[in-house]
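Q: My questions all concern the structure below.
The values are calculated or read from the model by the stated rules, or taken from the named source; none is laboratory data. Please read all numbers here as calculations on a predicted model, not as lab measurements. Backbone-built Cβ (ideal geometry, glycine too); neighbour counts: all protein chains shown.
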Amino acid sequence: MKGLMQDFPLTIHHIFYRAERLFPEKTIVSLLPEGTHRYTYGDFAGRVRRLAAALVSAGVKPGDRVATFAWNHYRHHELYYAVPCIGAVLHTLNIRLHAEQLAYIVEHAKDKMVFYDGALEEALLPVSAKVDCVERYVKMGVGGGAIEADGYEDFLSADAIANWPTLAEDEAAGLCYTSGTTGNPKGVLYSHRSTVLHAFGVNSGSAHGLMESDTTLTIVPMFHAMAWGYPYAATMAGCDQVHPGPNLDPASLLGAIQSEKVTISAGVPTVWVGVLDELDRGSWDVSSVRSFVSGGAAMPRSLMEGFARHGVEMVQGWGMTETSPVCAHGHVKKSLEGNRFEVAAKTGLIIPGVELRLVDDKGAEVSWDGESFGEIQVRGPWIASAYYEDDVTDPLSEGWLRTGDVATMDANGYLLIVDRTKDLVKSGGEWISSVELEKHIMAHPAVLEAAVIGVPDELWSERPLACVVVRQGFELDKKAVIGFLSDKVAKWWLPDDVVFIEEVPKTSVGKFDKKVLRERFGVTQAP
C-alpha cells in the first residue's frame with residue numbers, strides 16, 4: 001500500500017520562494033574592494049529575477065553550464081539562484097587552480113558563459129586563451145578590462161522573469177570539480193533534489209542548525225563544494241548573511257564578526273588558526289558568536305580549547321565534494337558532556353540523511369570499537385553516484401561511495417578520521433596515523449602548523465617525518481617536539497626526524513598539500 005502524499009518536486013525554486021515571501025527585510029552584506037555592499041532579500045529576489053531573464057535572453061538553455069570565477073559576494077549569490085532556477089547548471093570554478101587545470105575543467109564541462117570578478121581577470125586571462133567553448137564573459141565588480149566582456153550591471157535585464165520553468169527534481173543544478181590532487185579533476189553533478197535535501201540536512205539540529213535569528217559569515221569559498229551549501233541553507237532559514245569577498249585575513253574576518261554580530265561561521269582549520277592568533281593578540285568582541293564550524297581537515301583539540309577561552313564553541317564537521325559536502329557534525333551527546341573536549345575533538349556523528357560504514361582493505365566491515373581502522377563509505381540522497389562525463393572511474397562499492405578517508409568509529413557512534421588512505425604511514429607492517437601525530441604536535445604552544453609524511457626506510461619500509469612551522473617569537477628544536485609527543489603516542493609512532501619549515505604548502509582549498517612535501521623531501525609516491 002502506498003501513502004497518499006503529494007509528489008512535490010524538491011527544486012531550488014522552493015528555497016527562493018521562501019526567501020522572497022517570508023524574509024524580504026533580511027540582509028545580505030558583502031565586503032568588497034570598492035566598499036561594503038548591503039541589501040535585503042527583497043532586493044536580492046528582484047535582481048535574481050532580472051538576472052534569470054537576462055540569461056534566457058542570452059540564449060542559456062536548460063542543461064547549459066554557466067561558470068563562475070569569483071569570491072564570495074552578493075552577485076555570486078544571485079547566480080546561485082538565477083542559473084539553476086531557469087534549468088541551467090551553475091559551475092563554480094576554483095580560482096586557486098592553475099591555468100592548465102582550469103582550462104581542462106572549463107572544456108570538460110563545456111561551459112557556455114563565465115561570470116568573473118574583474119579583480120581576478122589576470123588569473124582567468126590565460127584560461128580564456130586556451131578554451132573554445134565559452135561564448136560570452138560577464139565581468140563583476142571593478143578591475144580587469146583585457147577580456148572582452150559585458151559588465152554585470154549592464155547585463156541584467158530591465159525586466160524580471162515572472163514565472164520560473166517547471167523542473168524535475170532530479171535535473172542538474174550545480175557542478176563542482178574535485179581538486180585533482182591525483183590525475184585530472186573530476187566533476188560532481190548536484191541535482192535540485194540533492195541540493196534542497198542537503199540544505200535541510202545542514203539546517204537540522206544535528207548539523208549546523210541555522211535559524212532565522214542567525215547571522216552567517218560564509219568564509220568557505222563559494223567555489224569549494226558550493227560553499228558547503230551555505231548560500232542555500234542560510235537563505236532557506238532566512239539568516240542575515242555576510243560574504244567576506246577577498247577579505248580573508250584574520251583581522252578582516254574578526255572585524256566582520258564584530259560589526260555584523262555574526263553568530264555562526266564556517267571555514268577550514270588553517271583559517272581558524274590565524275583567527276585564533278589574532279583573537280589572542282587583540283581586543284575583539286566575539287560575544288555574538290554561538291559556533292564556529294571547522295571542516296576540510298582534522299581540527300587540533302588545542303584550537304577548540306583556544307576558542308573556548310574566548311567563550312566560542314568550535315565544532316568539527318566532515319564531508320567532501322562528492323557528498324555535497326556535509327556528512328558528519330561534532331555535536332556532543334548529553335550523556336558525554338563530562339568529556340566535552342575529548343568527544344568534540346572527534347570528527348563527529350553522521351547527520352540524518354546519511355548512512356556510513358567502515359570497510360577494511362579486505363572488504364569486510366570493521367567493528368565500532370574505536371580502534372579498528374576502515375575506509376569510510378557513505379550513501380544517501382546527497383551523495384554522488386558517479387562522476388560527470390567519466391566512464392572510467394567508478395566511485396562506488398556495492399552502492400556505497402568510497403571516500404578514501406580512513407577512520408575509526410567508537411561505540412557511541414563518533415567517527416574519528418585517522419588519515420587519507422594515501423597519507424597513512426606503514427612502518428614495519430603497522431599503520432601510523434599522520435593526522436593523529438599532526439594534532440598532537442600542533443597542541444604544542446610553540447607550533448603554528450605541522451604536517452607529517454612517510455619517508456622511505458630500509459628497515460621499516462617507512463617512517464614518519466614531521467614538518468613543523470614555529471610560531472613567531474618562539475624557538476623549538478627536534479628534541480622538544482619528540483619529548484612533547486613521547487607520552488601521547490606509542491614509542492614506535494614517534495617521528496624519526498623533525499624538519500622546520502616556513503610554511504606548510506596548501507592545496508587550492510586550504511588543506512595541507514603533502515604531495516608538495518613528499519616531492520621536497522624526495523618521496524617519489526604517496527604511501
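Q: Please tell me if Asp277 is among the charged types (D, E, K, R) and at pLDDT below 95.
A: Answer is yes for this residue.
Q: Looking at Ala237 and the list (1) without any contact (Cβ under 8 Å) to a residue 60 or more places away in the chain; (2) in contact with a Lys or Arg (Cβ under 6 Å, 6 or more places away or on another chain), which single condition is not satisfied?
A: (2)
Q: Please work out which residue is farthest from Ala297 (Cα to Cα), limiting yourself to segment 183-208 and to residues that are without any contact (Cβ under 8 Å) to a residue 60 or more places away in the chain and in a loop (DSSP other than H, G, I, E, B).
A: Step by step, filter segment 183-208, then rank; the result is Gly205.
Q: While we're on this one: Name the pairs: first residue in segment 43-66 and in contact (Cβ under 8 Å) with a residue 24 or more places away in the chain, second residue assigned to a helix (DSSP H, G or I) and small (Gly, Ala, Ser), Cβ to Cβ under 6 Å, at least 6 apart or on different chains?
A: Val48/Ala82; Leu51/Ala82; Ala52/Ala82; Arg65/Ala109
Q: Scan segment 475-501 and report the pairs whose first residue is on the phi < 0 side of the Ramachandran plot and whose second residue is assigned to a loop (DSSP other than H, G, I, E, B) and of a type in the set (Gly, Ala, Ser), with Cβ atoms within less than 6 Å and a gap of 6+ or a chain change.
A: Listed pairs, sorted by first residue: Leu476/Ala446.
Q: Continuing with the same structure: Working only within segment 447-470, note down all residues that are under 33 Å from the mean Cα position of the chain (by Cα) and exposed (fewer than 15 other Cβ atoms within 10 Å of the Cβ).
A: Residue satisfying the conditions is Pro456 alone.
Q: Hey, can you tell me all the residues within segment 126-147 that are of a type in the set (A, V, I, L, M) and not in a strand (DSSP E or B)?
A: Val127, Ala129, Val131, Val134, Val142, Ala146, Ile147
Q: Can you name the residue in segment 14-59 that is farther than 25 Å from Val142 by Cα and part of a loop (DSSP other than H, G, I, E, B) and is also farthest from the chain's Cα centre (by Cα) among such residues?
A: The qualifying residue farthest from the chain's Cα centre (by Cα) is Gly59.
Q: Then there's this: Considering segment 148-165 alone, what residues qualify as being in contact (Cβ under 8 Å) with a residue 24 or more places away in the chain and assigned to a loop (DSSP other than H, G, I, E, B)?
A: Ala149, Leu156, Ser157, Ala158, Asp159, Ala160, Ile161, Ala162, Trp164, Pro165 - these are the residues of segment 148-165 that are in contact (Cβ under 8 Å) with a residue 24 or more places away in the chain and assigned to a loop (DSSP other than H, G, I, E, B).
Q: Can you find, within segment 166-182, the residue that is farthest from Pro352 (Cα to Cα) among those that are aliphatic (A, V, I, L, M) and assigned to a loop (DSSP other than H, G, I, E, B)?
A: Per the stated criteria, the residue is Leu167.
Q: Among the numbered criteria (1) among the aliphatic types (A, V, I, L, M); (2) surrounded by 22 or more Cβ atoms within 10 Å (Cβ to Cβ); (3) within 24 Å of the chain's Cα centre (by Cα), which one does Ala99 miss?
A: Failed condition: (2).
Q: Does segment 33-80 hold any residues that are under 24 Å from Ser252 (Cβ atoms), of a type in the set (Gly, Ala, Ser) and surrounded by fewer than 23 Cβ atoms within 10 Å (Cβ to Cβ), and which are they?
A: Within segment 33-80, Gly35 is the sole residue that qualifies.
Q: Pick out, from segment 258-377, the strands (runs of 3 or more DSSP E) lying fully within it that include 1 or more residues that are in contact with a helix residue (DSSP H, G or I) (Cβ under 8 Å, 6 or more places away or on another chain), buried (at least 22 other Cβ atoms within 10 Å of the Cβ) and among the hydroxyl-bearing types (Ser, Thr, Tyr).
A: Answer list for segment 258-377: 264-267, 291-294.
Q: Now a separate question. Could you check Leu279 against (1) without any contact (Cβ under 8 Å) to a residue 24 or more places away in the chain; (2) farther than 24 Å from Pro325 by Cβ and say which number it fails?
A: The single condition Leu279 does not satisfy is (1).
Q: Still on this structure, please answer the following. Say we look at segment 484-527 and pick out the residues that are over 16 Å from Arg420 (Cβ atoms) and of a type in the set (Ser, Thr, Tyr); which of these is farthest from the chain's Cα centre (by Cα)?
A: Selected residue: Ser486.
Q: Filter segment 15-32 down to the residues that are closer than 21 Å to Pro381 by Cβ and crowded, with 16+ Cβ neighbours inside 10 Å and list them by number.
A: Those that are closer than 21 Å to Pro381 by Cβ and crowded, with 16+ Cβ neighbours inside 10 Å: Ile15, Phe16.
Q: Taking Pro250, is it farther than 24 Å from His331 by Cα and buried (at least 24 other Cβ atoms within 10 Å of the Cβ)?
A: Spelling it out, it is not the case that Pro250 is farther than 24 Å from His331 by Cα and buried (at least 24 other Cβ atoms within 10 Å of the Cβ).
Q: Moving on. Scan (1) closer than 19 Å to Arg301 by Cα; (2) under 27 Å from the mean Cα position of the chain (by Cα); (3) buried (at least 18 other Cβ atoms within 10 Å of the Cβ) for the single condition Val481 breaks and write down its number.
A: Of the numbered conditions (1) closer than 19 Å to Arg301 by Cα; (2) under 27 Å from the mean Cα position of the chain (by Cα); (3) buried (at least 18 other Cβ atoms within 10 Å of the Cβ), the odd one out for Val481 is (2).
Q: Quick one: what pairs do we get from segment 283-294, first residue over 13 Å from Ser259 (Cα atoms) and in contact (Cβ under 8 Å) with a residue 24 or more places away in the chain, second acidic (Asp, Glu) and part of a loop (DSSP other than H, G, I, E, B), C-beta under 9 Å, 6+ apart or different chains?
A: If the second residue must be acidic (Asp, Glu) and part of a loop (DSSP other than H, G, I, E, B), the pairs left are Arg290/Asp214; Arg290/Glu313; Ser291/Glu313; Phe292/Glu313.
Q: Across segment 387-403, what is the number of residues that are surrounded by fewer than 16 Cβ atoms within 10 Å (Cβ to Cβ) and more than 15 Å from Glu355 (Cα to Cα)?
A: The qualifying residues number 6.
Q: Shifting gears a bit: Being among the charged types (D, E, K, R) and either in contact with a Ser or Thr (Cβ under 8 Å, 6 or more places away or on another chain) or modelled with pLDDT of 90 or more (or both) narrows it down to one residue among Arg420, Arg471; which is it?
A: Arg471
Q: With respect to Gly522, determine if the residue is among the small types (Gly, Ala, Ser), surrounded by fewer than 17 Cβ atoms within 10 Å (Cβ to Cβ) and touching a residue at least 12 places away in the same chain (Cβ under 8 Å).
A: yes
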